[in-house]
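The values are calculated or read from the model by the stated rules, or taken from the named source; none is laboratory data. In this text the structure is predicted, and so the values were computed from the model without any measurement. As a convention, Cβ positions derive from the backbone with ideal geometry for all residues, glycine included, and neighbour counts pool all protein chains shown.
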Amino acid sequence: MRAGDNPEVTKLVEREAAAIERGLAALPAAFPTSREAIGALLATLSQRQRYFALIGEHFSVFGFDGIVAMDRLDEAVLRAAQEVLRRRPAADADAKAEAALAEEFAKLPEMEKHPVGYMVLFAARKMFEGFDNVLTRLGLDEDEERQPYEHELLKRVALLVDAYISSRTTPVARHFSDLRREYWVVARMHCKCGQPKYAVKMQSLVTGTGGEHLDRLDVKCGECGDERSLEFPLPHFGDLSIA
């Protein structure tokens with residue numbers, strides 16, 4: 001099985017990516033307040049619920065095709081989130097807000113060096129939960145009191161998203177990111193026997209009929225012994241020569 005070869009997966013990803021773009025296009029070019037930027041960001045991220053349901057209906061969120069589709073759409077929604085964050089209003093630093101959120105966010109799990117989109121989305125959700133914890137702990141109910149914390153939240157989410165997008169747009173970083181995410185595909189796959197026990201038995205670099213580079217993972221279910229070969233395109237393999 002080769003990632004991207006299923007035309008039905010491609011069709012769904014293209015349709016849902018277009019829907020994400022339409023949602024972004026409907027937003028203002030700039031947000032006058034951080035509160036409005038937060039609302040737009042949450043609306044953008046919530047689109048994941050729609051394509052998650054569609055993938056589960058047409059494929060499986062635990063199957064190879066479904067996981068490939070999810071990863072591509074998670075990246076699309078994070079690119080849209082980056083654009084929303086760029087439209088947030090400028091704000092002066094606030095030492096108290098910075099310290100409060102830094103203390104709260106220090107409790108979050110450490111991010112993978114080359115994270116997959118769902119990991120970034122999970123971290124962003126945890127940031128919003130931590131933000132709510134800070135507001136509750138400090139008893140901040142008035143809009144003016146909350147504003148510096150809203151500014152700081154957006155800044156920190158932007159740093160998270162920017163780091164991810166940078167790794168996906170820099171060719172050499174993208175190559176190593178692609179290699180790492182292959183193993184996360186395997187880790188999320190469930191076998192037809194119902195068990196999430198696939199393990200990589202062999203990894204090899206192969207060349208397709210068109211001369212393209214592919215990474216092939218031979219995997220085996222530890223429960224029933226089912227074996228599969230999964231192929232992942234490596235479009236930036238050649239960029240390693242300039243690293």
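Descriptive notes on the structure:
- Candidate set from region 133-150 (those that are more than 11 Å from LEU101 (Cα to Cα) and either touching a helix residue (DSSP H, G or I) at 6+ places or on another chain (Cβ under 6 Å) or of a type in the set (Gly, Ala, Ser) (or both)); member that is modelled with the lowest pLDDT: LEU140
- Condition check for ASP65: under 22 Å from MET1 (Cα atoms) and of a type in the set (Asp, Glu): yes
For every residue, the table says whether it meets (1) surrounded by fewer than 21 Cβ atoms within 10 Å (Cβ to Cβ); (2) outside the structural domain of PRO235 (by TED's automatic domain parsing); (3) touching a Gly at 6+ places or on another chain (Cβ under 7 Å); (4) more than 18 Å from MET119 (Cβ to Cβ).
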residue	(1), (2), (3), (4)
ARG2	yes, yes, no, yes
ARG15	yes, yes, no, yes
PHE59	yes, yes, yes, yes
GLU75	yes, yes, yes, no
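- Tally, over region 80-98, of residues that are assigned to a helix (DSSP H, G or I) and of a type in the set (Gly, Ala, Ser): 4
Here is a yes/no grid of residues against (1) loosely packed, with under 15 Cβ neighbours inside 10 Å; (2) part of a helix (DSSP H, G or I):
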{"position": "ASP5", "(1), (2)": "yes, no"}
{"position": "THR44", "(1), (2)": "no, yes"}
{"position": "GLN49", "(1), (2)": "yes, yes"}
{"position": "GLY56", "(1), (2)": "yes, yes"}
{"position": "LEU78", "(1), (2)": "no, yes"}
{"position": "ALA100", "(1), (2)": "no, yes"}
{"position": "PRO115", "(1), (2)": "no, no"}
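- Within region 189-230, if we keep just the residues that are of a type in the set (S, T, N, Q) and in a strand (DSSP E or B), the residue that is nearest to PHE64 (Cα to Cα) turns out to be SER229.
- The sole residue among ARG181, ARG156 that is modelled with pLDDT of 95 or more and either in contact with a Pro (Cβ under 8 Å, 6 or more places away or on another chain) or not in a loop (DSSP other than H, G, I, E, B) (or both) is ARG156.
- The residues in region 151-183 that are out of contact with any helix residue (DSSP H, G or I) (no Cβ under 8 Å at 6 or more places or on another chain) and either farther than 29 Å from MET70 by Cα or not small (Gly, Ala, Ser) (or both) can be counted, and the count is 10.
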